[in-house]
Amino acid sequence: MAIGTILVSTGSYVPEHRLTNQMLTEMVDTSDEWIIQRTGIRERRIAVHQTTAELALGAAQRALEDADIAPQQLDLIVACTATPDSYTPSIACRVQAGLQAERAFAFDLSAACSGFVYATDVVDSYFRAGKAKTALVVCAETLSRIIDYTDRTTCCLFGDGAGAAVYRWSDTEDGILHTVMGADGKRADALFAEALPSENPLERGADAVSSERFLKMDGKEVFRFSTRTVPEAIDQVLDGSGMTIDEIDWVVPHQANLRIIDVICRRYGLRKEQVYVNLDRYGNTSSASIPICLDEMRRNGLLQAGQTIILVGFGGGLTYGAVLMRM
Ligand code: UT7
(Lines give C-alpha, C1' and ligand atoms only; values in the text may rest on other atoms or scores of the structure.)
Protein backbone atom coordinates (compact mmCIF):
# COMPACT_ATOMS: atom_id res chain seq x y z
CA MET A 1 0.00 0.00 0.00
CA ALA A 2 1.30 3.45 -0.93
CA ILE A 3 1.22 6.39 1.44
CA GLY A 4 -0.17 9.85 0.78
CA THR A 5 -2.01 12.94 2.01
CA ILE A 6 -5.74 12.49 2.36
CA LEU A 7 -8.45 15.03 3.04
CA VAL A 8 -10.16 13.77 6.19
CA SER A 9 -12.73 16.46 6.85
CA THR A 10 -13.81 20.04 6.25
CA GLY A 11 -15.54 22.84 8.13
CA SER A 12 -16.77 26.32 7.40
CA TYR A 13 -18.08 29.31 9.25
CA VAL A 14 -19.67 32.40 7.72
CA PRO A 15 -21.06 35.42 9.58
CA GLU A 16 -24.83 35.84 9.63
CA HIS A 17 -25.11 39.39 8.36
CA ARG A 18 -25.99 39.49 4.64
CA LEU A 19 -24.99 42.37 2.36
CA THR A 20 -27.18 42.12 -0.73
CA ASN A 21 -26.71 43.76 -4.13
CA GLN A 22 -29.78 45.83 -3.35
CA MET A 23 -28.12 47.18 -0.18
CA LEU A 24 -25.03 48.12 -2.20
CA THR A 25 -27.14 50.16 -4.61
CA GLU A 26 -27.91 52.42 -1.66
CA MET A 27 -24.17 52.90 -1.04
CA VAL A 28 -22.65 53.31 -4.53
CA ASP A 29 -23.77 53.94 -8.11
CA THR A 30 -24.39 50.32 -9.13
CA SER A 31 -27.26 47.94 -9.88
CA ASP A 32 -28.25 44.37 -9.10
CA GLU A 33 -28.19 43.63 -12.87
CA TRP A 34 -24.64 44.96 -13.35
CA ILE A 35 -23.26 42.97 -10.42
CA ILE A 36 -24.99 39.73 -11.43
CA GLN A 37 -24.09 40.04 -15.11
CA ARG A 38 -20.44 41.01 -14.57
CA THR A 39 -19.68 38.84 -11.53
CA GLY A 40 -22.49 36.38 -10.70
CA ILE A 41 -22.60 37.63 -7.10
CA ARG A 42 -25.96 38.25 -5.38
CA GLU A 43 -24.96 38.68 -1.74
CA ARG A 44 -22.03 38.33 0.61
CA ARG A 45 -21.61 37.83 4.37
CA ILE A 46 -20.13 40.50 6.62
CA ALA A 47 -18.40 39.96 9.99
CA VAL A 48 -19.86 42.94 11.79
CA HIS A 49 -18.68 41.99 15.29
CA GLN A 50 -16.31 39.09 14.68
CA THR A 51 -12.57 38.96 14.20
CA THR A 52 -10.72 36.90 11.61
CA ALA A 53 -9.49 34.59 14.38
CA GLU A 54 -13.05 33.97 15.59
CA LEU A 55 -14.20 32.99 12.10
CA ALA A 56 -11.11 30.78 11.74
CA LEU A 57 -11.78 29.05 15.05
CA GLY A 58 -15.42 28.41 14.09
CA ALA A 59 -14.40 26.71 10.84
CA ALA A 60 -11.57 24.80 12.53
CA GLN A 61 -13.85 23.43 15.27
CA ARG A 62 -16.35 22.20 12.70
CA ALA A 63 -13.61 20.52 10.66
CA LEU A 64 -12.33 18.72 13.75
CA GLU A 65 -15.82 17.64 14.84
CA ASP A 66 -16.40 16.29 11.36
CA ALA A 67 -13.09 14.40 11.46
CA ASP A 68 -13.65 13.00 14.91
CA ILE A 69 -10.07 14.00 15.66
CA ALA A 70 -9.05 15.45 19.02
CA PRO A 71 -7.25 18.81 18.75
CA GLN A 72 -4.34 17.26 20.63
CA GLN A 73 -3.74 14.95 17.67
CA LEU A 74 -2.87 17.87 15.39
CA ASP A 75 0.86 18.23 14.61
CA LEU A 76 0.55 21.33 12.44
CA ILE A 77 -1.84 24.26 11.91
CA VAL A 78 -1.43 26.48 8.84
CA ALA A 79 -3.69 29.50 8.64
CA CYS A 80 -4.16 31.70 5.57
CA THR A 81 -5.48 35.21 5.61
CA ALA A 82 -5.05 38.54 3.87
CA THR A 83 -6.83 40.20 6.79
CA PRO A 84 -5.09 39.20 10.04
CA ASP A 85 -6.27 40.80 13.29
CA SER A 86 -2.69 41.43 14.41
CA TYR A 87 0.83 41.24 13.01
CA THR A 88 1.66 38.97 15.88
CA PRO A 89 0.39 36.56 17.09
CA SER A 90 -0.60 34.75 13.94
CA ILE A 91 -4.15 33.56 13.30
CA ALA A 92 -2.77 30.01 13.44
CA CYS A 93 -1.56 30.56 17.03
CA ARG A 94 -4.95 32.02 18.00
CA VAL A 95 -6.63 28.92 16.56
CA GLN A 96 -4.12 26.63 18.31
CA ALA A 97 -4.98 28.27 21.64
CA GLY A 98 -8.73 28.22 20.97
CA LEU A 99 -8.65 24.53 20.10
CA GLN A 100 -6.18 23.67 22.87
CA ALA A 101 -4.13 21.89 20.23
CA GLU A 102 -1.00 22.08 22.36
CA ARG A 103 1.10 19.68 20.28
CA ALA A 104 0.71 21.59 17.01
CA PHE A 105 3.23 24.05 15.64
CA ALA A 106 1.38 26.88 13.99
CA PHE A 107 2.03 29.64 11.48
CA ASP A 108 0.28 31.86 8.92
CA LEU A 109 0.91 31.76 5.22
CA SER A 110 0.37 34.77 2.97
CA ALA A 111 -0.78 33.92 -0.55
CA ALA A 112 -4.10 35.83 -0.71
CA CYS A 113 -6.75 33.96 -2.72
CA SER A 114 -4.33 31.12 -3.53
CA GLY A 115 -3.84 30.52 0.21
CA PHE A 116 -5.73 27.23 0.52
CA VAL A 117 -3.92 25.69 -2.44
CA TYR A 118 -0.52 26.90 -1.20
CA ALA A 119 -1.25 25.68 2.36
CA THR A 120 -2.35 22.27 1.07
CA ASP A 121 0.95 21.95 -0.76
CA VAL A 122 2.87 23.03 2.36
CA VAL A 123 1.08 20.42 4.50
CA ASP A 124 1.71 17.72 1.88
CA SER A 125 5.41 18.70 1.84
CA TYR A 126 5.68 18.56 5.65
CA PHE A 127 4.06 15.13 5.59
CA ARG A 128 6.46 13.91 2.89
CA ALA A 129 9.39 15.25 4.94
CA GLY A 130 8.20 13.23 7.93
CA LYS A 131 7.65 16.32 10.09
CA ALA A 132 3.89 15.96 10.66
CA LYS A 133 1.13 13.41 10.17
CA THR A 134 -2.07 15.30 10.99
CA ALA A 135 -2.62 18.91 9.99
CA LEU A 136 -5.29 21.57 9.94
CA VAL A 137 -5.47 24.20 7.21
CA VAL A 138 -7.75 27.09 8.07
CA CYS A 139 -8.46 30.08 5.83
CA ALA A 140 -10.34 33.06 7.23
CA GLU A 141 -11.03 36.55 5.94
CA THR A 142 -12.71 39.70 7.16
CA LEU A 143 -12.19 41.54 3.88
CA SER A 144 -14.98 43.98 4.73
CA ARG A 145 -12.45 45.68 7.04
CA ILE A 146 -10.29 46.72 4.09
CA ILE A 147 -13.00 47.40 1.52
CA ASP A 148 -13.77 50.95 0.48
CA TYR A 149 -17.59 51.02 0.44
CA THR A 150 -17.50 54.17 -1.69
CA ASP A 151 -15.58 52.37 -4.49
CA ARG A 152 -18.06 50.51 -6.72
CA THR A 153 -15.29 48.71 -8.57
CA THR A 154 -14.32 46.65 -5.50
CA CYS A 155 -17.07 46.83 -2.87
CA CYS A 156 -19.45 44.56 -4.79
CA LEU A 157 -16.95 41.74 -5.03
CA PHE A 158 -15.71 40.73 -1.61
CA GLY A 159 -17.21 39.04 1.47
CA ASP A 160 -16.16 37.52 4.81
CA GLY A 161 -15.97 33.89 5.88
CA ALA A 162 -13.78 30.96 6.86
CA GLY A 163 -13.15 27.42 5.68
CA ALA A 164 -10.97 24.63 7.04
CA ALA A 165 -9.70 21.16 6.19
CA VAL A 166 -7.98 18.39 8.13
CA TYR A 167 -5.34 16.39 6.26
CA ARG A 168 -3.70 13.14 7.32
CA TRP A 169 -0.68 11.18 6.14
CA SER A 170 -2.18 7.74 5.55
CA ASP A 171 -1.90 4.42 3.80
CA THR A 172 -3.64 5.11 0.51
CA GLU A 173 -3.33 4.85 -3.25
CA ASP A 174 -5.30 8.08 -3.46
CA GLY A 175 -5.14 11.50 -1.78
CA ILE A 176 -3.10 14.37 -3.20
CA LEU A 177 -1.70 13.26 -6.55
CA HIS A 178 -0.05 16.45 -7.77
CA THR A 179 0.33 20.15 -6.88
CA VAL A 180 1.45 23.22 -8.82
CA MET A 181 2.12 26.70 -7.54
CA GLY A 182 3.25 29.92 -9.17
CA ALA A 183 3.65 33.62 -8.59
CA ASP A 184 4.24 36.79 -10.57
CA GLY A 185 5.40 39.49 -8.16
CA LYS A 186 5.82 41.97 -11.04
CA ARG A 187 2.04 42.28 -11.11
CA ALA A 188 1.83 42.93 -7.34
CA ASP A 189 0.12 46.31 -7.75
CA ALA A 190 -2.85 44.72 -9.54
CA LEU A 191 -4.25 43.68 -6.17
CA PHE A 192 -2.86 45.68 -3.29
CA ALA A 193 -3.70 46.24 0.36
CA GLU A 194 -1.27 48.21 2.48
CA ALA A 195 -0.15 46.98 5.88
CA LEU A 196 1.92 49.45 7.86
CA PRO A 197 2.37 52.97 6.48
CA SER A 198 5.74 53.07 4.75
CA GLU A 199 6.85 56.26 6.56
CA ASN A 200 8.72 55.85 9.81
CA PRO A 201 6.54 56.97 12.75
CA LEU A 202 9.46 58.90 14.23
CA GLU A 203 9.51 61.12 11.15
CA ARG A 204 5.81 61.85 10.69
CA GLY A 205 3.46 63.59 13.05
CA ALA A 206 0.51 61.82 14.61
CA ASP A 207 -1.81 63.74 12.26
CA ALA A 208 -0.24 62.06 9.24
CA VAL A 209 -1.45 58.62 10.29
CA SER A 210 -4.13 57.45 7.91
CA SER A 211 -6.56 54.73 8.92
CA GLU A 212 -7.79 54.36 5.35
CA ARG A 213 -5.87 51.41 4.06
CA PHE A 214 -8.26 50.03 1.52
CA LEU A 215 -7.74 47.24 -0.95
CA LYS A 216 -7.11 48.50 -4.47
CA MET A 217 -7.50 46.32 -7.53
CA ASP A 218 -6.93 46.53 -11.26
CA GLY A 219 -9.79 44.13 -12.03
CA LYS A 220 -8.97 43.76 -15.73
CA GLU A 221 -5.34 42.89 -15.01
CA VAL A 222 -6.35 40.24 -12.45
CA PHE A 223 -8.98 38.91 -14.87
CA ARG A 224 -6.36 38.54 -17.63
CA PHE A 225 -3.88 36.94 -15.21
CA SER A 226 -6.42 34.41 -13.95
CA THR A 227 -7.74 33.37 -17.36
CA ARG A 228 -4.11 32.72 -18.45
CA THR A 229 -2.70 31.05 -15.31
CA VAL A 230 -5.69 28.94 -14.24
CA PRO A 231 -5.61 26.80 -17.43
CA GLU A 232 -1.79 26.60 -17.14
CA ALA A 233 -2.10 25.32 -13.58
CA ILE A 234 -4.83 22.82 -14.52
CA ASP A 235 -2.77 21.55 -17.48
CA GLN A 236 0.26 21.12 -15.23
CA VAL A 237 -1.52 19.14 -12.49
CA LEU A 238 -3.09 16.93 -15.15
CA ASP A 239 0.30 16.33 -16.80
CA GLY A 240 1.98 15.78 -13.43
CA SER A 241 -0.49 13.10 -12.42
CA GLY A 242 -0.74 11.52 -15.88
CA MET A 243 -4.47 12.23 -16.14
CA THR A 244 -6.74 13.92 -18.64
CA ILE A 245 -9.60 16.31 -17.97
CA ASP A 246 -12.08 13.54 -18.88
CA GLU A 247 -10.99 11.67 -15.75
CA ILE A 248 -11.82 14.61 -13.47
CA ASP A 249 -15.12 14.59 -11.58
CA TRP A 250 -14.97 18.06 -10.03
CA VAL A 251 -13.17 21.36 -10.50
CA VAL A 252 -13.38 23.69 -7.50
CA PRO A 253 -12.09 27.11 -8.53
CA HIS A 254 -11.47 30.16 -6.36
CA GLN A 255 -14.76 32.05 -6.34
CA ALA A 256 -13.93 35.47 -7.80
CA ASN A 257 -16.11 35.93 -10.85
CA LEU A 258 -18.55 33.66 -12.68
CA ARG A 259 -17.12 34.86 -15.99
CA ILE A 260 -13.67 33.51 -15.04
CA ILE A 261 -15.32 30.18 -14.13
CA ASP A 262 -17.16 30.18 -17.49
CA VAL A 263 -13.81 30.60 -19.27
CA ILE A 264 -12.50 27.49 -17.46
CA CYS A 265 -15.66 25.52 -18.36
CA ARG A 266 -15.42 26.45 -22.04
CA ARG A 267 -11.69 25.80 -22.26
CA TYR A 268 -12.02 22.22 -20.91
CA GLY A 269 -15.51 21.40 -22.14
CA LEU A 270 -16.66 20.94 -18.54
CA ARG A 271 -20.32 20.59 -17.71
CA LYS A 272 -21.68 23.20 -15.30
CA GLU A 273 -22.46 20.45 -12.77
CA GLN A 274 -18.76 19.55 -12.61
CA VAL A 275 -17.66 23.00 -11.42
CA TYR A 276 -18.73 23.99 -7.95
CA VAL A 277 -19.98 27.57 -7.60
CA ASN A 278 -21.25 29.37 -4.50
CA LEU A 279 -20.05 32.92 -5.18
CA ASP A 280 -23.63 34.04 -5.71
CA ARG A 281 -24.10 33.63 -1.93
CA TYR A 282 -20.70 34.66 -0.53
CA GLY A 283 -18.89 36.76 -3.12
CA ASN A 284 -15.11 36.51 -3.15
CA THR A 285 -13.88 35.39 0.28
CA SER A 286 -10.25 35.17 -0.89
CA SER A 287 -8.39 32.24 0.73
CA ALA A 288 -11.59 30.94 2.34
CA SER A 289 -13.51 30.42 -0.89
CA ILE A 290 -12.21 26.97 -1.89
CA PRO A 291 -12.51 25.34 1.58
CA ILE A 292 -16.02 26.79 2.02
CA CYS A 293 -16.93 25.15 -1.32
CA LEU A 294 -15.39 21.84 -0.26
CA ASP A 295 -17.29 21.90 3.01
CA GLU A 296 -20.62 22.56 1.28
CA MET A 297 -19.90 19.79 -1.20
CA ARG A 298 -19.07 17.25 1.51
CA ARG A 299 -22.07 18.14 3.64
CA ASN A 300 -24.38 17.94 0.63
CA GLY A 301 -23.03 14.50 -0.31
CA LEU A 302 -21.48 15.71 -3.57
CA LEU A 303 -18.01 14.35 -2.81
CA GLN A 304 -17.72 10.58 -3.01
CA ALA A 305 -14.82 8.23 -2.37
CA GLY A 306 -12.82 7.61 -5.54
CA GLN A 307 -13.75 10.90 -7.22
CA THR A 308 -10.98 13.05 -8.65
CA ILE A 309 -11.00 16.75 -7.95
CA ILE A 310 -8.95 19.76 -9.01
CA LEU A 311 -8.73 22.79 -6.70
CA VAL A 312 -7.47 25.90 -8.45
CA GLY A 313 -6.69 29.27 -6.88
CA PHE A 314 -5.45 32.66 -8.08
CA GLY A 315 -5.21 36.16 -6.73
CA GLY A 316 -3.10 38.70 -4.83
CA GLY A 317 0.64 38.50 -5.25
CA LEU A 318 -0.18 37.78 -7.95
CA THR A 319 -0.26 34.06 -7.15
CA TYR A 320 -1.87 30.92 -8.53
CA GLY A 321 -1.86 27.20 -7.90
CA ALA A 322 -3.71 23.91 -8.32
CA VAL A 323 -4.06 20.63 -6.46
CA LEU A 324 -5.28 17.36 -7.96
CA MET A 325 -6.54 14.80 -5.43
CA ARG A 326 -8.54 11.60 -5.38
CA MET A 327 -11.07 11.40 -2.56
O1 UT7 B 1 -9.72 37.09 -5.93
C2 UT7 B 1 -8.98 37.37 -7.07
C3 UT7 B 1 -8.99 38.77 -7.37
N4 UT7 B 1 -10.04 39.35 -8.11
C5 UT7 B 1 -10.50 38.97 -9.30
O6 UT7 B 1 -10.34 37.90 -9.79
C7 UT7 B 1 -11.27 39.99 -10.06
C8 UT7 B 1 -11.04 39.90 -11.54
N9 UT7 B 1 -11.69 40.93 -12.26
C10 UT7 B 1 -13.06 41.01 -12.39
O11 UT7 B 1 -13.76 40.17 -11.84
C12 UT7 B 1 -13.65 42.08 -13.24
O13 UT7 B 1 -12.61 42.76 -13.91
C14 UT7 B 1 -14.52 43.12 -12.45
C15 UT7 B 1 -15.80 42.44 -11.97
C16 UT7 B 1 -13.73 43.65 -11.27
C17 UT7 B 1 -14.92 44.27 -13.36
O18 UT7 B 1 -15.60 43.77 -14.50
P19 UT7 B 1 -15.23 44.35 -15.95
O20 UT7 B 1 -16.13 43.69 -16.91
O21 UT7 B 1 -13.74 44.17 -16.12
O22 UT7 B 1 -15.66 45.85 -15.83
P23 UT7 B 1 -14.78 47.14 -16.13
O24 UT7 B 1 -13.79 47.34 -15.02
O25 UT7 B 1 -14.29 47.09 -17.53
O26 UT7 B 1 -15.85 48.26 -16.05
C27 UT7 B 1 -16.87 48.41 -17.07
C28 UT7 B 1 -17.71 49.60 -16.70
C29 UT7 B 1 -16.91 50.83 -16.32
O30 UT7 B 1 -17.62 51.96 -16.79
P31 UT7 B 1 -17.16 52.72 -18.14
O32 UT7 B 1 -15.75 53.14 -17.90
O33 UT7 B 1 -17.30 51.70 -19.23
O34 UT7 B 1 -18.15 53.83 -18.23
C35 UT7 B 1 -16.91 50.84 -14.83
O36 UT7 B 1 -16.79 52.12 -14.27
O37 UT7 B 1 -18.47 49.26 -15.54
C38 UT7 B 1 -18.28 50.29 -14.55
N39 UT7 B 1 -18.39 49.68 -13.25
C40 UT7 B 1 -19.57 49.51 -12.63
N41 UT7 B 1 -20.83 49.85 -12.97
C42 UT7 B 1 -21.82 49.55 -12.12
C43 UT7 B 1 -17.40 49.15 -12.47
N44 UT7 B 1 -17.94 48.67 -11.34
C45 UT7 B 1 -19.27 48.89 -11.41
C46 UT7 B 1 -20.34 48.60 -10.57
N47 UT7 B 1 -21.58 48.93 -10.95
N48 UT7 B 1 -20.18 47.97 -9.39
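Overview of results
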| quantity | calculated |
| --- | --- |
| Qualifying positions in segment 231-244 - out of contact with any strand residue (DSSP E or B) (no Cβ under 8 Å at 6 or more places or on another chain) and within 16 Å of the ligand (Cβ to nearest atom) | 231 |
| Answer from 190, 129, 206, 164 - the residue that is surrounded by fewer than 14 Cβ atoms within 10 Å (Cβ to Cβ) and either touching a helix residue (DSSP H, G or I) at 6+ places or on another chain (Cβ under 7 Å) or modelled with pLDDT of 95 or more (or both) | 129 |
| Candidate set: segment 2-30, residues that are of a type in the set (Val, Ile, Thr) and part of a loop (DSSP other than H, G, I, E, B); chosen: the one nearest to residue 326 (Cα to Cα) | 14 |
| Matching residues, segment 127-156, being in contact with a strand residue (DSSP E or B) (Cβ under 6 Å, 6 or more places away or on another chain), within 11 Å of the ligand (Cβ to nearest atom) and farther than 23 Å from residue 58 by Cβ | 154 |
| Breaking point among (1) open to solvent by 60 Å² or more (accessible area, probe 1.4 Å); (2) of a type outside the set (A, V, I, L, M, F, W, C); (3) touching a His at 6+ places or on another chain (Cβ under 9 Å), for residue 94 | (3) |
| Within segment 86-136, tally of residues that are outside any helix (DSSP H, G or I), within 22 Å of residue 184 (Cα to Cα) and of a type in the set (Asp, Glu) | 1 |
| Some residue of segment 290-300 being over 11 Å from the mean Cα position of the chain (by Cα), crowded, with 23+ Cβ neighbours inside 10 Å and of a type in the set (Asp, Glu) | yes |
| Members of segment 29-40 found to be without any contact (Cβ under 8 Å) to a residue 40 or more places away in the chain and among the polar types (S, T, N, Q), listed by number | 31, 37 |
| When residues of segment 133-157 are limited to those that are touching a Phe, Trp or Tyr at 6+ places or on another chain (Cβ under 6 Å) and buried (at least 20 other Cβ atoms within 10 Å of the Cβ), the one nearest to residue 293 (Cα to Cα) | 139 |
| Every residue from segment 245-275 that is more than 16 Å from the ligand (Cβ to nearest atom), of a type outside the set (Lys, Arg) and assigned to a loop (DSSP other than H, G, I, E, B) | 248, 249, 269, 270 |
| Single residue of 43, 26, 16 found to be surrounded by fewer than 23 Cβ atoms within 10 Å (Cβ to Cβ), without any contact (Cβ under 8 Å) to a residue 40 or more places away in the chain and within 16 Å of the ligand (Cβ to nearest atom) | 26 |
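The values are calculated or read from the model by the stated rules, or taken from the named source; none is laboratory data. Small disclaimer: the values here were computed from a predicted structure and weren't measured. All Cβ positions, glycine included, derive from the backbone under ideal geometry; neighbour counts span all protein chains shown. The protein model used for the area step is the full one, side chains on, heavy atoms only, and it has no ligands, DNA or RNA in it. Shrake-Rupley method; radii C 1.70, N 1.55, O 1.52, S 1.80 Å.
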